[in-house]
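What follows is a short report on a single structure.
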Amino acid sequence: MPVERETLRVDAVRKTFRGELGMAPKEVLHGVSFEAHRGEILGFLGPNGTGKTTTIKIILGLMRPDSGCVTIFGKNAGDRMALSRLGYLPENPYFFPHLTLREFLHYCGSLSGIDSDLLGNRCDEMMTLTGLSESADRRLKGFSKGMTQRAGLAQAILHDPDLLILDEPFSGLDPLGRKMVRDIMLDLKKKGKTIFFSSHILPDMEALCDRTVIIRDGMVVRSVSMDEVFRMAGSGTEVIARGCSEDIIEGITDYIDRVASRGRETFLHVKKQEFLRTVIKHLYNNGADVLKVVPDQLSLEEIFIREISGDPREPGMKADHMSAVLPGGKEAHDE
Amino acid sequence: MNKISSIAVNTFRESVREKLLYIVILYGGILLLSTFILSPLSVGAAGGKIITDVGLAGISLLGVLTAIMVGSTLVHKEIEKKAVFMVMTRPVSRHEYLIGKFSGMVMALGLLMLIMTAVMAVMIFIGRGVPGAPVFLASYLSLLEMMVMSSIVIFFSTFTTPILTSFFSICIFVAGNLSGDLRAFAQKFGGAFVGYFMEVFYYLLPNLKVFNLRNEAVHDLRFSGSDIVLATIYAAIYCGAILYFAFLVFRRRDFS
Ligand SMILES: Nc1ncnc2c1ncn2[C@@H]1O[C@H](COP(=O)(O)OP(=O)(O)O)[C@@H](O)[C@H]1O
Ligand SMILES: [Mg+2]
C-alpha cells in the first residue's frame, strides 16, 4: 500500500481581491505552490501583508482561488472528509463571546463529529493541556488575548486532527504560553501529525520547523529545510576563550576572520568548521581556556533577509529564485 | 442533523443570552400599562377585548421586530468577527449552517412568543375569564409570520449589512401586509403595466395577511380551520424557498 506522504499540496494558487469602491482590484497571490509532507512541521514565513493568511484561508476553503488548486489528503479544499481531519487556529481568533469555554469546546467538538460520550473528557483534557482548566466556566467574552489564543489552540486540536494549520500561533502569548504551544506542536509531531504554521518571527521557525517556505509579495521565493540551514550555519563558528594573548592568536590568524574581546574573554570567529579542531588544539596547547563553541546563528534570518530584500519580480531575479528552491541555491544566489 | 441541532442550540443560546429577555419584559410592561390606563374606561368584556387586541398586536409586532433585530446581526456578526471560521472549517455544509441558524432563531423567538402569549392569557383570564381558542391560534399564526420574516432576514444577512437587512426586511414586512390591497388597487386604477407589475410583486412578496387572525380573536368570530392549515403550509413553503435562495448566495461566498 502506498504511504500517504503528501498531506497538503498547494498548486499555482492565484487570488485577486475586488477593489473597494473605486479602487483597482489587487492580485495578492501570484501563483503560490508548495507542499507539506506527512509528519513534518512546515513553517510559512514572510513579512506582514504578503498573503500568508489569504493562502491559509484558501487552503481551508474559506475563500476560492481565482486559479490553481489545493488538495488535502488527496481531497479538494473545503471537502468534508478533508475538513474532518484538519485543525485550524485563525489569526487573531475571535470566538462566540456568549459561550463559556466549556460550551465553546463542546460546540466545536460536536461540529467535528466527536462522539458525545467522549466529548466531555476530551474537552477537559484540552483545557488541562492548554492551562485553561480554571477558566472552564467563564464566558469567552472576558478572555484576554493570550487566553483566547490558548482556547483557539484547544479547539484546533480537540478532534485529534492529522493536519494542523496555525496562523500566527505565537502572537499574544507570554513566554510560558509560547513554550506551551511549542511543546504541544513538538508532541503532535511525535505522534505523526503534520503541522503547517505561519509566522513572521524567526526564532520560532528555527526552533520548530523541519522546513520553511518563505513567501514574499504573494510568491513563494524559497523553501529551505532546517538541515540545509544547519549546514550553512556550520560554515562558521565562534570560539569564546579566556587567557588568550596576542601571541597565541598570532599562530592561528589564517583560520580566523574576526577577533573581538570583552573583559577577559576573547571571541574568535573561525572561518570554516574544518579549522575548528586546529584552533581549539592551538588554544589549549598554549594555555588558553576554551569556554564555549557557538555555531553561527540566525542563518534563517540571513536567508530571509536576503530573500525579502530585492524585487522578486525583477526578471533576472525571478529565475534565480526558482532555482534557489533547490538545495545549493545559496551559492547560486550569492553572486 | 446532529450538526444542525448543535448550530441551532448555539444560536438559541446566543439570542437568549444577548437580548431577548428585555423584549419580554418590555412586552409585559406595555401590556400592564395599557390595561391600567384603559381598563377604568371599559370594564368587563370590553376590557378583555382591549387586552386581547393590544396583546396580540404586541406579540405579532414584537415577534417580527425581534426577528429583524436579532436576525440582521446574527449571521453578519458571525462573518464579520470571523467566528464563522470555527464552523466553516469543520465538516459542516453551508446549508446546514443556514438551517441551523434559522432553527435556532425560530426556537428563541418561539420561546419569546410563548412567554408573551402566556402573559397575555393570564391577563385575559383576570380581565374577562378563560381565553378562547382563537386567541391561541392568532398567536400561533403570528409565530408563522415571524418564521417567514426570519427566513427573509437570514436571506438578506448572507450578503448585506445589518442596517440594509433591517431596512429591506421592514419594507417587505409592510408591503407583505399591504400586498393584497395594493394588488386590488392596481387592478382597479392602474394601467396594464402597473397591473402586471403588481401581480408579480403580489406573488413574490409574502402574503402576511394570511397570518392575521386578530380580528376573529378579539371579537370571538368564527374562523375556518382549513385557513390555518393552509397558512401553515404556505409558511413552510415560503421559508423553504427563501432559505434555498439564501443558500445559493451563501454557497458562493468568500469569508475574509
Ligand atoms: N478581504 C480582503 N480584501 C482586500 N484585500 C485584502 C483582503 N484580505 C487581505 N487583503 C490584502 O491582501 C494582502 C495579504 O494579506 P494577508 O494574507 O492577510 O497577509 P499576511 O497574513 O501575510 O500578513 C494584504 O495586502 C491585505 O491588505
Ligand atoms: Mg496574516
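When the chain is fully extended, how far beyond the present Cα-Cα distance does A:Arg80 get from A:Ser67, taking 0.36 nm per residue of separation?
Values: separation 13, 0.36 × 13 = 4.68 nm, distance 2.11 nm.
The span from A:Arg80 to A:Ser67 would gain 2.6 nm if fully extended.
Counting other beta carbons within 10 Å of each Cβ, put A:Val239, B:Val200, A:Val224 in order, fewest first. Write out the running numbers ahead of the final one.
Numbers: A:Val239 22, B:Val200 9, A:Val224 26.
Placing the least packed residue first, the sequence is B:Val200, A:Val239, A:Val224.
Using a 10 Å cut-off on Cβ to Cβ distances, tally the other chain neighbours for every residue of A:92-102 and report the average as a whole number. Don't skip to the end; give the middle numbers.
Numbers: counts 1, 5, 7, 5, 10, 6, 7, 5, 0, 0, 0.
Other-chain Cβ atoms within 10 Å of each residue's Cβ, averaged: 4.
With axes computed from alpha carbons, what is the tilt in degrees of helix A:276-285 against the longest principal axis of chain A, rounded to the nearest 10 within 0 to 90?
In chain A, helix A:276-285 runs at an angle near 50 degrees to the longest axis.
Could you work out the percent of alpha carbon pairs in the range A:40-89 separated by over 13 Å, rounded to a whole number? Walk me through the intermediate numbers first.
On the way: 750 of 1225 pairs.
I get 61 percent for the Cα pairs in the range A:40-89 exceeding 13 Å.
Looking at B:Phe156, B:Met123, A:Val259, which one has the Cα that reaches farthest to the positive end of the dipole of the protein assembly as shown (charges on Cβ: Lys, Arg +1; Asp, Glu -1)?
Checked the options; the winner is B:Met123.
Across peptide B:72-84, how many C-beta atoms of other chains are within 10 Å of each residue C-beta, on average?
Working: counts 0, 0, 0, 0, 0, 1, 2, 0, 1, 5, 7, 9, 1.
Per-residue shielding by partner chains comes out at 2.
Excluding same-chain residues fewer than 8 positions from B:Lys81, which aspartates and glutamates have a Cα within less than 13 Å of its Cα?
A:Glu91
Enter the angle in degrees (range 0 to 90, nearest 10) between the Cα long axis of helix A:175-190 and the first principal axis of the Cα atoms of chain A, meaning the one along which they spread out most.
Long axis of A:175-190 versus the principal axis of chain A: about 80 degrees.
Given a Förster distance of 51 Å, report the FRET efficiency between B:Ser5 and A:His269 from their Cβ-Cβ distance, rounded to the nearest 0.05. If you can, show how the numbers build up before the last one.
Numbers: r = 66 Å, r/R0 = 1.29.
The value I calculate is 0.20.
How would A:Leu208, A:Leu153 line up from fewest to most surrounding beta-carbon atoms within 10 angstrom? Kindly include the intermediate steps, with their values, before the conclusion.
Numbers: A:Leu208 22, A:Leu153 26.
Placing the least packed residue first, the sequence is A:Leu208, A:Leu153.
Could you tell me which of the pairs A:Lys191/B:Lys82; A:Lys57/A:Lys190; A:Lys141/B:Lys82 are separated by over 22 angstrom between their Cα atoms in the structure shown?
Working: A:Lys191/B:Lys82 30 Å; A:Lys57/A:Lys190 26 Å; A:Lys141/B:Lys82 15 Å.
Pairs exceeding 22 Å: A:Lys191/B:Lys82; A:Lys57/A:Lys190.
Taking the Cα atoms only, what angle lies between the long axis of helix B:133-157 and the longest principal axis of chain B, rounded to 10 degrees?
In chain B, helix B:133-157 runs at an angle near 30 degrees to the longest axis.
Per residue of A:76-89, count partner chain C-beta atoms within 10 Å of its C-beta, then hand back the mean as an integer. Write out the running numbers ahead of the final one.
Numbers: counts 0, 0, 4, 1, 4, 1, 1, 5, 3, 1, 3, 2, 5, 2.
Across the residues of A:76-89, the mean count of other-chain Cβ atoms within 10 Å is 2.
Kindly work out what percent of the DSSP beta bridges joining two residues of chain A are antiparallel, to the nearest 5.
Working: 41 of 59 bridges.
Percent antiparallel among DSSP bridges in chain A is about 70.
Positive end of the dipole of the protein assembly as shown, charges at C-beta (+1 Lys, Arg; -1 Asp, Glu), about the Cα centre: which of B:Leu98, A:Gly109, A:Gly131 has its Cα farthest in that direction?
Of the candidates, B:Leu98 comes out farthest on the positive side.
Return the loop-located trypsin sites (Lys or Arg not before Pro) in the range B:158-256 (DSSP other than H, G, I, E, B) with at most 14 other Cβ atoms within 10 Å of their own Cβ; answer none if there are none. Could you put the intermediate results ahead of the total?
Details: sites: B:Arg183, B:Lys188, B:Lys209, B:Arg214, B:Arg222, B:Arg251, B:Arg252, B:Arg253; in loops: B:Arg222, B:Arg252, B:Arg253.
Passing both the DSSP loop test and the Cβ count: B:Arg222, B:Arg252.
Rank these for me by crowding, B:Phe136, B:Phe173, going from fewest to most other beta carbons within 10 Å. List each step's numbers first, then the result.
On the way: B:Phe136 15, B:Phe173 23.
Placing the least packed residue first, the sequence is B:Phe136, B:Phe173.
Counting only trypsin sites (Lys or Arg not before Pro) that are in a DSSP loop and have at most 15 other C-beta atoms within 10 Å, tell me the longest site-free stretch of chain A. Each step should come with its number before you reach the end.
Working: sites that count: A:Arg5, A:Arg18, A:Arg138, A:Lys191, A:Arg264, A:Lys272, A:Arg313.
With trypsin sites (Lys or Arg not before Pro) excluded where exposed in loops, chain A gives A:19-137 as its longest stretch.
Show that you can apply the helix-only estimate: for chain B, add -39,500 (n - 2.57) for every DSSP H stretch of four or more residues, divide by all residues, and state [θ] at 222 nm to the nearest 500.
Working: 10 runs with 207 residues, N = 256.
So the helix-based figure for chain B works out to -28000 deg cm²/dmol.
How many nm separate the modelled label positions at A:Met23 and B:Leu204, each set 7 Å beyond the Cα in the direction of the Cβ?
Each label point is offset 7 Å from its Cα along the Cβ direction, giving 3.3 nm.
Calculate the spin-label point distance for B:Ala184 paired with A:Ser225, positioning each point 7 Å from the Cα along the beta-carbon direction, and give it in nanometres.
Label at A:Ser225, label at B:Ala184, 8.2 nm between them.
What does the charge dipole of the protein assembly as shown about its Cα centre add up to, to the nearest 20 debye, if the Cβ of each Lys and Arg holds +1 and the Cβ of each Asp and Glu holds -1?
On the way: 64 positive and 62 negative charges, 355 e Å.
It comes to approximately 1700 debye.
Per DSSP helix of 4 or more residues, -39500 (n - 2.57); summed, then divided by the residues of chain A. What does that give at 222 nm, rounded to the nearest 500? Numbers along the way, then the final one.
Working: 13 runs with 124 residues, N = 335.
Theoretical 222 nm ellipticity from helices: -10500 deg cm²/dmol.
Hey, which of these cross-link pairs are over 28 Å Cα-Cα: A:Lys179/B:Lys101; A:Lys179/A:Lys292; B:Lys49/B:Lys101? Could the numbers behind the result be given before it?
On the way: A:Lys179/B:Lys101 38 Å; A:Lys179/A:Lys292 26 Å; B:Lys49/B:Lys101 37 Å.
Check vs 28 Å cut-off fails for A:Lys179/B:Lys101; B:Lys49/B:Lys101.
No value in this document is a laboratory result; all are computed from the given coordinates. Worth saying up front: this structure is predicted, and the values here are computed from it rather than measured. Using ideal geometry, Cβ is built from the backbone for each residue, glycine included, and neighbour counts are taken over all protein chains shown.
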